[in-house]
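To start, the structure itself, in C-alpha cells.
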Amino acid sequence: MQNFRDYYEILGIAKEATAEEIKRAYRSLARQYHPDLNPGNKAAEEKFKLLSEAYDVLSDADKRLQYEEYSRFWNQKGFKGWGKRSKKPRANSPVSLENAEYSAFEDFDNFVEQLLRRHQPIDPTTSSWVDSTAATEETVTSERRSNGRSAERTNGSSSRSGQPTSRRPNYRTQPASPSRRDAEADLTVPLEKAYAGGRERIRLEDGRSLEVSMPPGMVTGQRIRLKGQGIGGGNLYLRIEVEPHAYFTLQDGDVYCRLPITPSEAVLGGTLAVPTLGGLVNMIIPPSVQSGQRLRLTGKGYPIGPDLYGDQFVEIEVAIPTVLDDEEKALYQELRDIERFDPRANLPV
C-alpha cells in the first residue's frame with residue numbers, strides 16, 4: 001500500500017493541470033535532475049526516474065484517466081489489501097478502462113508496468129534516449145556479428161509442439177571466457193553530432209572499425225556501452241567528450257549564442273533567420289532592441305529527454321559597419337542631422 005505514487009505531487013502541479021502545464025513542469029524539473037547533468041548523483045537519478053514515469057502517464061490523456069481511476073480504487077474507504085489475485089493481467093496486455101478490474105493487479109508497480117507496457121521487448125539495434133528505467137550509460141549495439149550469430153534480443157517464438165512460449169525476450173549469449181574483460185576508449189564528437197546522434201562509423205585504437213547508433217543529446221562525461229566489443233567478448237565503454245563549438249555554447253540543456261544585427265535592424269526590428277543546432281529558425285526582433293539583450297527561442301536548445309529540448313538564448317549584438325560607400329555615408333549624415341535621440345542626456349555627471 002505504500003508504493004502508490006502521486007504523480008501530480010511529484011511534478012508539483014495541481015490535478016486540474018493542463019497538458020501544457022504538465023509539459024512545462026516536467027521540462028523544468030527534468031533539466032534540473034537529468035543524470036547526465038548530475039553524474040554520480042544517485043538521488044538525482046532516482047528523482048529523474050520518477051519524473052519521467054509521472055510525465056509518461058500524465059502526458060497521455062488515456063493513461064492519465066486510467067491512473068486517476070486506479071487512484072480512486074486505491075483510496076476507496078475500507079480498502080485494506082488486495083485479497084485474491086486470481087485475475088493477474090497478462091504481460092504485454094494494456095490496461096483497459098472499460099470493465100477494468102483493478103484488484104487484479106498485485107500492487108501499484110504492477111499496474112504501472114502494464115500501463116506503460118514496459119514488458120514489451122525492445123529491439124537493441126535501435127537507439128533511443130535514455131529513459132526513466134535506464135542508468136546514465138546508454139546501451140548501443142554495434143552491427144558487428146561474430147561467427148555468423150547475432151547478439152540481438154528477440155521475442156519468444158513457438159515451440160516444437162506448436163504452443164507459444166513465454167513472451168519474455170530471449171537472449172543469445174556467448175559462453176563466459178576467462179579472458180573476457182571490459183575496455184574503455186575516448187570518443188570526441190562535434191557538437192552537431194552530439195546533438196543529433198545517429199549512425200556513425202568509429203575507429204578504435206586497436207584498429208577495429210565499428211558502426212554504431214549514437215544517441216541524441218550526448219554530453220561530455222557520458223559513457224556509451226558497446227556490447228561484446230571489449231576484450232574477449234567483454235563490453236567496450238566509450239567516454240564521450242563534446243568538442244567546444246565556435247558559435248554555440250551549451251549549458252544545462254540550454255544553448256547560448258550571439259547574433260550580430262545592423263543598427264537599422266536594431267531600431268526597426270523585424271524577422272531574422274537565426275542559426276540553431278536543428279537548422280535556421282525565424283525569430284522576431286522587437287523594435288528598439290538593445291545590444292546585450294537576450295531573446296529566447298523556446299524548445300530550440302539541446303535534447304534533455306524524450307521529445308524534450310532546452311531553450312536557445314540569443315544575445316543581440318548591434319554591429320557598427322566599418323566600411324561605407326558614399327551613399328551610405330550621406331544617409332547616416334542625414335539621419336544625424338535630423339535625429340533627436342541623445343544617448344548622453346542622462347549621464348550622472
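So the values come out like this:
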| quantity | calculated |
| --- | --- |
| Enumeration of residues in the range 307-321 that are of a type outside the set (D, E) and over 16 Å from L37 (Cβ atoms) | Q312, F313, V314, I316, V318, A319, I320, P321 |
| Matching residues, the range 192-240, being buried (at least 16 other Cβ atoms within 10 Å of the Cβ), assigned to a strand (DSSP E or B) and not aliphatic (A, V, I, L, M) | S213, R225, Y237 |
| Some residue of the range 55-63 being in contact with a Leu (Cβ under 8 Å, 6 or more places away or on another chain), of a type in the set (S, T, Y) and modelled with pLDDT of 85 or more | yes |
| Of all residues making up the range 1-47, the number that are among the charged types (D, E, K, R), farther than 27 Å from F73 by Cα and in contact (Cβ under 8 Å) with a residue 12 or more places away in the chain | 4 |
| Flag if T249 is of a type in the set (S, T, N, Q), surrounded by 13 or more Cβ atoms within 10 Å (Cβ to Cβ) and free of Cβ contacts under 8 Å to residues at least 24 places away in the same chain | yes |
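Residue-by-condition table, conditions (1) free of Cβ contacts under 8 Å to residues at least 60 places away in the same chain; (2) under 30 Å from R203 (Cα atoms):
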position	(1), (2)
G221	no, yes
R225	no, yes
I231	yes, yes
V255	yes, yes
T262	yes, no
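Quick grid of which residues meet (1) outside any loop (DSSP other than H, G, I, E, B); (2) surrounded by fewer than 16 Cβ atoms within 10 Å (Cβ to Cβ); (3) without any contact (Cβ under 8 Å) to a residue 12 or more places away in the chain:
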site	(1), (2), (3)
K300	no, no, no
F313	yes, no, no
I316	yes, no, no
Y332	yes, yes, yes
D337	yes, yes, yes
F341	no, yes, yes
A345	no, yes, yes
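The values are calculated or read from the model by the stated rules, or taken from the named source; none is laboratory data. Quick caveat, the model's predicted, so the values are computed rather than measured. Counting neighbours? That spans all protein chains shown, and the Cβs are built from the backbone with ideal geometry, glycine included.
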